[in-house]
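Comments concern the structure below.
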There are 2 protein chains.
Amino acid sequence: MLDDVDRRLLRYFQSDPGASAADLAERAGLSGAAGWRRLERMREAGIIRGVEARIDWAALGYAVEVSLRIALDKGEARAFDTFLAAAREVPEVIEIQTFLGRVDVRLSVLARDMAHYQQIYRDRILALPHIADIEALMLVARVHHDEALPL
Amino acid sequence: MLDDVDRRLLRYFQSDPGASAADLAERAGLSGAAGWRRLERMREAGIIRGVEARIDWAALGYAVEVSLRIALDKGEARAFDTFLAAAREVPEVIEIQTFLGRVDVRLSVLARDMAHYQQIYRDRILALPHIADIEALMLVARVHHDEALPL
DNA sequence: GATGAAAAATCTGTGAC
DNA sequence: GTCACAGATTTTTCATC
């Protein structure tokens, strides 16, 4: 499916997603057009899903991130889906994770400050359906790095 | 600091980071040059940190994501930093989170399959220093959406 | 199938106003 | 802030292997 040239392109793209296609192509030892075509093909195949904005939320006044582990009612069959649909409607919920064989869900909530977080928590989080229990942890640091994964 | 036009630009950029500056400017009701200069200013201010590649890891054969909660030794003063530095060296550890008032750390590990995960777990994770206890959860779904945050 | 070269359309980045 | 412009980039076309 992907040959070495594609993988190389992908790796360069990953480490510098802002670079021009011609640039990435050159680093992979191709002409601009050839590199562009390969990248486009990977885009169409869904391997490259595009690009995501990296925004400094703290600089915009969102200083507090809280991770919530929410246990759901075990009784109701539709509790899981109902909860997830409702959680997706809360703008400050920036991430939702679910786990194998678990009826609990992890939410990440981004808020301006503690007062704002408390407001979101009371008005939006506690209003979500089928909650059995909540555990909250305030995030101190979050390090992302999926640049080095061997392709 | 930021006026409404900046916020609008930022919002459009966030929902479509691949769009050209001219495009974003037009949507915000500006000429291309004016929009470009505003975006550039936000880039220099560090508000826009750039752009991140979105790659479909599952399509590349990375099908398993596991979330680990690792409790650290409470005794040693440097345990935290030593552990974090070592964890950052493992390519398959794609995310590290730390929490307020906690001596445990959350790692996300990306692996090709369960066999691969087990290998990473035994060879790389268990080799990390100062581990007191580990709890592992296999991720089923991860939904990201920080597009709708009110600016 | 793939590539490179070249051309056209678009975008970036700067200068003048 | 707009407008104009040169240079770079994207995207298509075409000849070639």
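The values are calculated or read from the model by the stated rules, or taken from the named source; none is laboratory data. Just so it is clear, the structure is predicted and the values come from calculations on it, not from any experiment. Here the Cβ is made from the backbone with ideal geometry for all residues, glycine too, and neighbour counts use every protein chain on show. All accessible areas refer to the heavy atoms of the entire protein, side chains included, with ligands and DNA or RNA removed. Shrake-Rupley method; radii C 1.70, N 1.55, O 1.52, S 1.80 Å.
Is at least one residue of the range A:51-58 part of a helix (DSSP H, G or I) and surrounded by fewer than 19 Cβ atoms within 10 Å (Cβ to Cβ)? The answer is yes; a qualifying residue exists. Of the residues making up the range B:112-147, those that are at the interface with another protein chain (Cβ under 7 Å from one of its Cβ atoms) and in contact with a helix residue (DSSP H, G or I) (Cβ under 9 Å, 6 or more places away or on another chain) are B:138, B:141, B:143, B:146.
Taken over the range B:2-29, the residue count meeting the criterion of being free of Cβ contacts under 8 Å to residues at least 40 places away in the same chain and open to solvent by 50 Å² or more (accessible area, probe 1.4 Å) is 12.
The residue list A:88, A:102 contains one member that is more than 29 Å from residue A:54 (Cβ to Cβ) and open to solvent by 70 Å² or more (accessible area, probe 1.4 Å), which is A:102. For the range B:74-83, indicate whether the set of residues that are away from DNA strand D (no atom under 16 Å from the Cβ), among the hydroxyl-bearing types (Ser, Thr, Tyr) and at the interface with chain A (Cβ under 8 Å from one of its Cβ atoms) is non-empty. No; the residues of the range B:74-83 include none that is away from DNA strand D (no atom under 16 Å from the Cβ), among the hydroxyl-bearing types (Ser, Thr, Tyr) and at the interface with chain A (Cβ under 8 Å from one of its Cβ atoms). In this entry, residue A:26 passes the filter for residues that are acidic (Asp, Glu), within 12 Å of DNA strand D (Cβ to nearest atom) and outside the structural domain of residue A:131 (by TED's automatic domain parsing). Only one entry of B:109, B:93 meets the criterion of being open to solvent by less than 10 Å² (accessible area, probe 1.4 Å) and within 9 Å of chain A (Cβ to nearest Cβ), and that entry is B:93.
For the range B:61-115, the tally of residues that are in a helix (DSSP H, G or I), touching a residue at least 12 places away in the same chain (Cβ under 8 Å) and acidic (Asp, Glu) stands at 0.
The set of residues in the range B:67-81 that are under 21 Å from the mean Cα position of the chain (by Cα) and either open to solvent by less than 10 Å² (accessible area, probe 1.4 Å) or modelled with pLDDT under 95 (or both) comprises B:67, B:68, B:70, B:80, B:81.
Going by the structure shown, is residue A:34 surrounded by 13 or more Cβ atoms within 10 Å (Cβ to Cβ), more than 9 Å from chain B (Cβ to nearest Cβ) and either away from DNA strand D (no atom under 11 Å from the Cβ) or assigned to a helix (DSSP H, G or I) (or both)? The answer is yes for residue A:34. Residues satisfying the criterion are present in the range A:8-20 (criterion: more than 11 Å from every other protein chain (Cβ to nearest Cβ), within 16 Å of DNA strand D (Cβ to nearest atom) and either over 25 Å from residue A:117 (Cβ atoms) or at pLDDT 95 or above (or both)).
Within the range A:112-134, the set of residues being loosely packed, with under 15 Cβ neighbours inside 10 Å and in contact with a Leu (Cβ under 7 Å, 6 or more places away or on another chain) comprises A:132 only.
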